[in-house]
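Comments concern the structure below.
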Amino acid sequence: MDSLFPESYDASRARFMQDFEAIRAKWADSRLESHPLKTDPSLSIDCAWAVPRKKDNLVVVSTGLHGIEGYVGSAMLKIFMDEFAPGLNSENTGLLLVHAVNPFGMKNRRRYNENNVDLNRNFVWDENFDPKVNPDYEPLIPLLNPLRPIANLFASDIAFVARLLGNLVKLGILRIRQGTLSGQYRHPRGVQFGGDATQESTRVMRGLFQRTLDEYGQVIHLDMHTGYGPRYQMSMVNSTREPASGPELTRRFNYPLIVAATPSDFYTVTGDITEYFYRLRDEKYPSKKLFATCFEFGTFGASLPMQIRSMRVTILENRLFQHGAKTDALRNAVRKEYEGLFFPVEERWREKAMADCRQAVTGILRDHQLI
């Protein structure tokens, strides 16, 4: 089992290249495209295309939009390539498999890219990165973005709790969650920065989305994520533009936890990749069929204490990256907990994540009559 979860970006990339060779035998027209980063050509977004004779359907699987989440995403991508791709009809169904949308983040085990941008806040339709978006972020700045190196975790936690309690009184938990998670375009060194321009990785994915809708009648997109939601139950998170309700899709896909990206179900996001894909279809390709969703493998858990723990670790990691820590022990402690937030090593967690992935993919492909 552990062999499915790679230990490095380089190992994951090499395995992806190797596994695609087996797919080439089924799709005669297949190719690899690599998009090296301009800032570091040793890192690349790698895309595997398997092109059918008749372009009726395309299944897209993407990983590593939030870099460090690409390690679990790599395992799920391998499951898809090994167990599901061989059962598809290569005459009318193709594949687009994207490894490490954010290769810098995956290589360096960060959620953000080389410019400290959260790429899932960077898919802004009109490319107007409005600094006035998410006004609830501003009163949270002292909580979210401490400006000093980490000197003592106990003292840091005391300050975190005091600031959190103060904001709970002023804003309430829903506004804190929305202000923290939905993205911001004003503070480049702060958490959840969505950028002040379209990022290189975002441009690559926007181009890929346009190509898929140009060429195929029906597109299914599965984007792999970790972090938010129940620890032992993957959440399928759909766009607010998806017309089918969660209960309807639960019945159709035979999958128990399907939600929409709304404040009541999950949380809303500005610049979300799935929202962008649907808007592209709605505005430029209205005759095409699209189902796009996010597989969100929860790690710490969905309870309020675990949401607060996730916030704390997110703040500490960004503080470490921006301002450093006084000792290696502090640095290692923060890194270890941060990796636990996005890349759990517990065997039970990994087994359930893989089982959930298999169940969800089976339900989606069967519902769309692809297997």
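The values are calculated or read from the model by the stated rules, or taken from the named source; none is laboratory data. Computed from a prediction, not measured in an experiment: that's the story for all the values here. A quick note on method: Cβ atoms are made from the backbone with ideal geometry, for glycine too, and the neighbour counts reach across all protein chains shown.
Below is a table of values for the structure above.
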item	result
Boolean, Tyr137 is crowded, with 20+ Cβ neighbours inside 10 Å, over 21 Å from Ala100 (Cα atoms) and in contact with a strand residue (DSSP E or B) (Cβ under 6 Å, 6 or more places away or on another chain)	yes
Only listed residue being free of Cβ contacts under 8 Å to residues at least 12 places away in the same chain and hydrophobic (A, V, I, L, M, F, W, C), chosen from Ala244, Ala260, Ala292	Ala244
Residues that are part of a loop (DSSP other than H, G, I, E, B) and buried (at least 19 other Cβ atoms within 10 Å of the Cβ), drawn from the stretch 269-324	Val269, Thr270, Gly271, Asp272, Thr299, Phe300
The stretch 207-234: number of residues that are surrounded by fewer than 18 Cβ atoms within 10 Å (Cβ to Cβ) and part of a helix (DSSP H, G or I)	5
Sole exception among (1) part of a helix (DSSP H, G or I); (2) crowded, with 16+ Cβ neighbours inside 10 Å; (3) modelled with pLDDT under 95 for Leu174, by number	(2)
The stretch 178-206, subset small (Gly, Ala, Ser) and assigned to a helix (DSSP H, G or I), residue farthest from Leu32 (Cα to Cα)	Gly179
Members of the stretch 114-132 that are closer than 21 Å to Ala292 by Cβ, of a type outside the set (Val, Ile, Thr) and surrounded by 20 or more Cβ atoms within 10 Å (Cβ to Cβ)	Asp118, Leu119, Asn120, Arg121, Asn122, Phe123
